[in-house]
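The values are calculated or read from the model by the stated rules, or taken from the named source; none is laboratory data. None of the values given here were measured: they were computed from a predicted structure. Neighbour counts are summed over all protein chains in view; Cβ atoms, including those assigned to glycine, are modelled from backbone coordinates with ideal geometry. Note: areas computed on protein heavy atoms with side chains; ligands, DNA, RNA excluded. Shrake-Rupley method; radii C 1.70, N 1.55, O 1.52, S 1.80 Å.
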Amino acid sequence: MSDFKVANSPVGPRRYNRSKRLTFLFAALRTRSLIARDELANIATAGACDAELLYSVIGSAVDVSNRRALLDLAWLLSNQPIFEHDLINADRIYAHCLKAFGLGEFSHMHKTNYAMVALRMGDAPLARRLLAKTRLVLPFAERFFPQALNSVRMQVLQESTNSAFMLNRDYTISTEFLRIDADNPFRGLSMHDALEQASTPEAAAWLARLNNEICGNRVAPLAFAPRPNGSPFDSLTVTAASARPGASKMKGPKVTVVMSAFQPDEHIFAAVHSTLAQTYANIELLVIDDCSGEYYDDILKQVAELDPRVRVLRQPENGGTYRIRNRAMDEAAGELITFQDSDDWMHPQRIELQVANLIYHPDAVGNISLSTRLTDRLEAVESGRRLRIGICEPSLMFWREKVRDKIGYFDHVRKSGDSEFRKRMNRAFDVDCPVVHPFKILTLQRADNGGLTQGDLGFRWITEFRTHYRDSYMYWHSKLGKATNWNVPREGTNQFWAPRGVTMLGADARATRRFDLVLACNLRDNENVRAALGRYQQALAEGQSVAFLQLNNIYPRTLARSIGAPVMDLLNSGKVDMVYPNDHIVAGRVEVLAPSAWLMSHDGTEFNWEVEDLAIVDLSATREQFVPQGKTIADDLRLTLRRSFGPDVVGGHIERVS
């Protein structure tokens, strides 16, 4: 057991109240702090155990003085999977609490979360038991939903449900959706058996429940095809006469649906068929292949032959989804344009509903709809998104020429370009895209444990390079973009700084870079920013190349969520860059200017760096808004540095800098 304890922690047995508890848990998720786990273990056992010791003794003689903190530790572990054993430890803690304290000790928040853990561990009966007496929230609310809702307002309403965590309730998850998922008839079956199951009355009844929960009663209900094929996901259709292909009598502008594809497999047919099955017939489907190679010629030829409304184009070189969309902005025949991922399924009425909204609001620029993620077996928990129903960025529909002529094209990135484009459009036109069919979905996204977002997103956590890109484009939108009317050209350099993680993929993003000096600092802490900028100016005067490594801190909980203007200006000037642990960095010297943040947010990551010299500001001299106190702080700081940089760099002596 480590002797490390934060003596001046803002939370503790007497300070673990509702608001502090909520902000603490959310800060722990956001920063992926291992210290937070030890804090909870200490609170739960009155200082007798840190997290690792607690994992080893749970289920035996352990004296629990704060049951809420113990349950919260299980909640944190299951929602913050850093290590392979985190989910197992969460399950063990929950199982101990159920046996020792009974189900009555579990609040709504922990019943729903334990049910999700149970499903991921393969125990559906336990999940159903946990949910048996969990009440529904506003079960008749759907009848009061509007046809469309301002997207910011909808997101504010969704975010406001987080406040219920203070009351030990989790309203971010639909209890009914979770119950339906626990009853999924395909879970655990082979795909062959799952397809046979899809033809049964039991599967049809279950799908009707799922449809009512995620699609609602304002659109045609989901059904399985008479001859299920591929997977239950691929076998989805609708049978209502009102939702048959071309059934809509609405006359309106042509819509181009853009589908990017790279090395497509059989999943593309579900995406293409769902597009061609739209009730709104005046569409074209533009499938653009991202230089997949000759091996994929046959499948693309099959796609092209499905319908005269399909056009298949090929990119001369691989450039990513947003370069494909930029090409489509010029080559599309439709007055309206929207997008669809090549392995997703859209409801047959999606295009009709979104077009109708734009026709009935002639001053509107665009709109968007919602989605949720399901696996091939239509499982929700296994998708890793906590049953989230949220904005589906590819569903953005807008007047093609009106928008293109004002704001140009998608940014030249590989990731997150759709969010940036939508928010830039809102800013330039001073509008907010409405959400059509709010709180219910019009797209099912396939959770294939791959894709561009894999490993980058979690519950209340986004990987650092994505948050930096968000900070950068939001700064450009609000400060710098107005001078050019927020216009991004189709070709050329980025209008604002973007991390390599969003402009490149894989090994290219992590390729070797060399810097004379890397400043490890907390760019969201104003005190530390001033120290970092002063050290940067000194290094610049000496002709050194400099990069920043962002270090987060869970304390104080009021720290800014974004990087400030002085650093953003430096990044945009190209005089400095950001680096990340998985990059291959050759650094002449690393200076840790935020030792408190390093210690408080350390998550065990081993850096892929070659470091010649390491220096650290003394904790007594650091310029940070929170500095931990404790008997073993200095030793624990050295230990975490050794784990990240290796014993060769962190030997017996670490240079101190003032």
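Observations
- Matching residues in the stretch 441-451 - criterion: being modelled with pLDDT of 95 or more and not hydroxyl-bearing (Ser, Thr, Tyr): Ile441, Leu442, Leu444, Gln445, Arg446
- Residue check, Thr484 of a type in the set (Ser, Thr, Tyr), under 30 Å from Ile359 (Cα atoms) and open to solvent by less than 10 Å² (accessible area, probe 1.4 Å): no
Residues checked against (1) free of Cβ contacts under 8 Å to residues at least 24 places away in the same chain; (2) within 30 Å of Leu207 (Cα to Cα):
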| residue | (1), (2) |
| --- | --- |
| Thr321 | no, no |
| Gln354 | no, yes |
| Pro362 | yes, no |
| Gly366 | no, no |
| Leu374 | no, yes |
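- Flag for Asn113 being part of a helix (DSSP H, G or I), of a type outside the set (Val, Ile, Thr), in contact with a Ser or Thr (Cβ under 7 Å, 6 or more places away or on another chain) and closer than 24 Å to Leu457 by Cα: yes
- The lone exception for Tyr473 - which of (1) touching a Lys or Arg at 6+ places or on another chain (Cβ under 7 Å); (2) open to solvent by less than 20 Å² (accessible area, probe 1.4 Å); (3) more than 30 Å from Ser78 (Cα to Cα) it fails: (1)
- Of note, Val64 satisfies the criterion of being part of a loop (DSSP other than H, G, I, E, B), among the hydrophobic types (A, V, I, L, M, F, W, C) and touching a helix residue (DSSP H, G or I) at 6+ places or on another chain (Cβ under 8 Å).
- Qualifying residue in the stretch 377-393 (condition: closer than 30 Å to Asn494 by Cβ and either touching a Gly at 6+ places or on another chain (Cβ under 6 Å) or hydrophobic (A, V, I, L, M, F, W, C) (or both)): yes
- Residues of the stretch 49-69 classified as in contact with a Lys or Arg (Cβ under 7 Å, 6 or more places away or on another chain) and surrounded by 14 or more Cβ atoms within 10 Å (Cβ to Cβ), total: 2
- Conditions (1) within 22 Å of Leu533 (Cβ to Cβ); (2) without any contact (Cβ under 8 Å) to a residue 60 or more places away in the chain; (3) among the hydroxyl-bearing types (Ser, Thr, Tyr); number of the one not met by Thr640: (1)
- Yes/no for Leu98 being modelled with pLDDT of 90 or more, under 30 Å from Gly455 (Cα atoms) and open to solvent by less than 60 Å² (accessible area, probe 1.4 Å): no
- Taking each residue of the stretch 475-502 that is more than 16 Å from Arg422 (Cα to Cα) and among the β-branched types (Val, Ile, Thr) and looking for partners that are at pLDDT 90 or above and open to solvent by 60 Å² or more (accessible area, probe 1.4 Å) with beta-carbon atoms closer than 8 Å, six or more apart or interchain, yields Thr484/Gln495.
- Which numbered condition Ile88 fails, given (1) part of a helix (DSSP H, G or I); (2) closer than 20 Å to Ser601 by Cβ: (2)
- Any chance Gly104 is more than 19 Å from Ala90 (Cβ to Cβ) and at pLDDT 70 or above: yes
- Residue that is farthest from Ser260 (Cα to Cα) [pool: residues in the stretch 334-374 that are in a strand (DSSP E or B) and open to solvent by 10 Å² or more (accessible area, probe 1.4 Å)]: Arg373
- Residue check, Ile82 β-branched (Val, Ile, Thr) and in contact (Cβ under 8 Å) with a residue 40 or more places away in the chain: yes
- Any hit, the stretch 27-48, residues being modelled with pLDDT of 90 or more, more than 20 Å from the chain's Cα centre (by Cα), surrounded by fewer than 24 Cβ atoms within 10 Å (Cβ to Cβ) and of a type in the set (Val, Ile, Thr): yes
- Set side by side, the residues Leu599, Leu639, Leu614 differ, and just one is closer than 30 Å to Tyr16 by Cβ and modelled with pLDDT of 90 or more, which is Leu599.
- Selection from the stretch 312-356 of residues that are among the charged types (D, E, K, R) and closer than 27 Å to Asp234 by Cβ: Arg314, Arg325, Asp341, Asp343, Asp344, Arg350, Glu352
- Within the stretch 394-418, if we keep just the residues that are open to solvent by 30 Å² or more (accessible area, probe 1.4 Å) and in a helix (DSSP H, G or I), the residue that is nearest to Phe145 (Cα to Cα) turns out to be Lys402.
- Within the stretch 452-469, considering residues that are open to solvent by 30 Å² or more (accessible area, probe 1.4 Å), part of a loop (DSSP other than H, G, I, E, B) and not basic (Lys, Arg), the one modelled with the highest pLDDT: Phe459
- Flag for Ala511 being in a helix (DSSP H, G or I) and either open to solvent by 10 Å² or more (accessible area, probe 1.4 Å) or not basic (Lys, Arg) (or both): no
- Of all residues in the stretch 31-56, those that are closer than 13 Å to Asp603 by Cα and part of a helix (DSSP H, G or I) have Cβ atoms under 8 Å from Cβ atoms of residues that are among the small types (Gly, Ala, Ser) and open to solvent by 10 Å² or more (accessible area, probe 1.4 Å), 6 or more apart or on another chain, in Thr31/Ser601; Leu34/Gly604; Ile35/Ser601; Asp38/Ser2.
- In the stretch 4-26, the residues that are touching a residue at least 12 places away in the same chain (Cβ under 8 Å) and open to solvent by less than 60 Å² (accessible area, probe 1.4 Å) form Cβ pairs under 9 Å with partners that are aromatic (Phe, Trp, Tyr) and part of a helix (DSSP H, G or I), at six or more places apart or across chains, as follows: Pro10/Phe24; Val11/Phe24; Tyr16/Phe24; Arg21/Phe165; Leu22/Phe165; Leu25/Trp75; Leu25/Phe165; Phe26/Phe165.
- Members of the stretch 234-261 found to be of a type in the set (A, V, I, L, M, F, W, C), more than 21 Å from Leu222 (Cβ to Cβ) and in contact with a strand residue (DSSP E or B) (Cβ under 7 Å, 6 or more places away or on another chain), listed by number: Val255, Val258, Met259, Ala261
- Within the stretch 514-540, the set of residues being open to solvent by 30 Å² or more (accessible area, probe 1.4 Å) and in a helix (DSSP H, G or I) comprises Asn526, Glu527, Arg530, Leu533, Gly534, Arg535, Gln537, Gln538, Leu540.
- Subset tally (residues that are under 21 Å from Leu149 (Cβ atoms) and part of a loop (DSSP other than H, G, I, E, B)) for the stretch 419-451: 10
- Qualifying positions in the stretch 319-333 - part of a loop (DSSP other than H, G, I, E, B) and under 27 Å from Lys251 (Cβ atoms): Ala332, Ala333
- Test result for Pro316, at pLDDT below 95 and either in a helix (DSSP H, G or I) or over 19 Å from Ile214 (Cα atoms) (or both): no
- Condition met for Glu491 (under 30 Å from Asp618 (Cβ atoms) and either surrounded by 20 or more Cβ atoms within 10 Å (Cβ to Cβ) or acidic (Asp, Glu) (or both)): no
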